[in-house]
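Take a look at the structure set out below.
Derivation of every value follows stated rules applied to the coordinates shown; laboratory data play no part. Note that the structure is a prediction, hence the values are computed from the model and not measured. All Cβ positions, glycine included, derive from the backbone under ideal geometry; neighbour counts span all protein chains shown.
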Amino acid sequence: MTFVKANEPATGNQIAAFLNLTRATIRADLAVLTMTGILDARPKVGYFYSGLEENPGGYEELRKMAVHMIMTKPTLVKKETSVYDAIVTLFLEDVGSLYVAEEARLIGLVSRKDLLKSAITGSDTRSVPIATIMTRMPNILTLQKNDSVVDAANMLVTHEIDSLPVTKSDNQIIGKISKSHIVTLFVDTMKKT
């Protein structure tokens, strides 16, 4: 808010550059700030600070929430799953990432971007297993069920990713949190205040 107050009207690109993030990364955040009335947006002009309190009462509720309170069931696949079948699963389940598991333990992750790259390189998507394109543990950021929702949101924004798996200490996958979950929670909380 400080940047917008000092530089209004501030464009989305200016705000993104100040935060050292991409415009796409902060798009949902700007939408939430506009929906809640903290920022005012004027097409082809930019964002203005509306004068509303930056820390309405609902924020305290958000700060106290743990990941397990909003996580959903992850979409799991096996490492032998073909890229083609993974693409079909991604669209049928309407998710942005698939979690690769063995005996319910997270071993990898395949994002929409990974699948797109594989498909456009001309590889035989029906025979290539996703194990060849997945990001493997321990190179995957994870959450624990009692981590704060605010920390989860920060990780999503900082690392410019769409979702995070929620695991137990032995990498058993028990849920996931996405940017969509965070935005929905934020909007629902702000409607109550």
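Within the same chain, aspartates and glutamates fewer than 8 places from Lys64 are excluded, and of the rest, those with a Cα less than 16 Å from its Cα are Asp147, Asp151, Asp188.
When both segment 75-92 and segment 131-183 are represented by their alpha-carbon centers, they are found 19 Å apart.
Within segment 153-182, what residues put their amide N at less than 15 Å from the label point 7 Å along the Cα-to-Cβ vector of Asp94? Answer for segment 153-182: 180-181. Give the aspartates and glutamates reachable from Lys145 as a straight Cα distance under 14 Å; neighbours fewer than 8 places away on the same chain don't count. Counting by Cα, and skipping residues close in sequence, Lys145 has these aspartates and glutamates nearby: Asp170. When you filter the GluC sites (Glu not before Pro) in segment 91-193 for DSSP loop state and at most 12 other Cβ atoms inside 10 Å of their Cβ, you are left with Glu103, Glu160.
The region of the chain that goes longest without hitting one of the trypsin sites (Lys or Arg not before Pro) in a DSSP loop, each with at most 15 other Cβ atoms within 10 Å, is 79-125. The smallest convex shape that holds all Cα atoms of segment 2-54, its convex hull, gives 71 Å³ per residue. Here the gap between Ser123 and Ala6, fully extended at 0.36 nm per residue and compared with their Cα-Cα distance, gives a gain of 37.1 nm.
Candidate cross-link partners of Lys73 among the aspartates and glutamates, defined by an alpha-carbon separation under 14 Å and a same-chain spacing of 8 or more, comprise Glu93, Asp94.
For percent of Cα pairs over 28 Å apart, the value computed from the atomic coordinates appears in the list [x] 19; [y] 23; [z] 36 under label [z].
For the pair Met155 and Ser169 in one chain, pulling the backbone fully straight at 0.36 nm per residue adds 3.2 nm over the alpha carbon distance.
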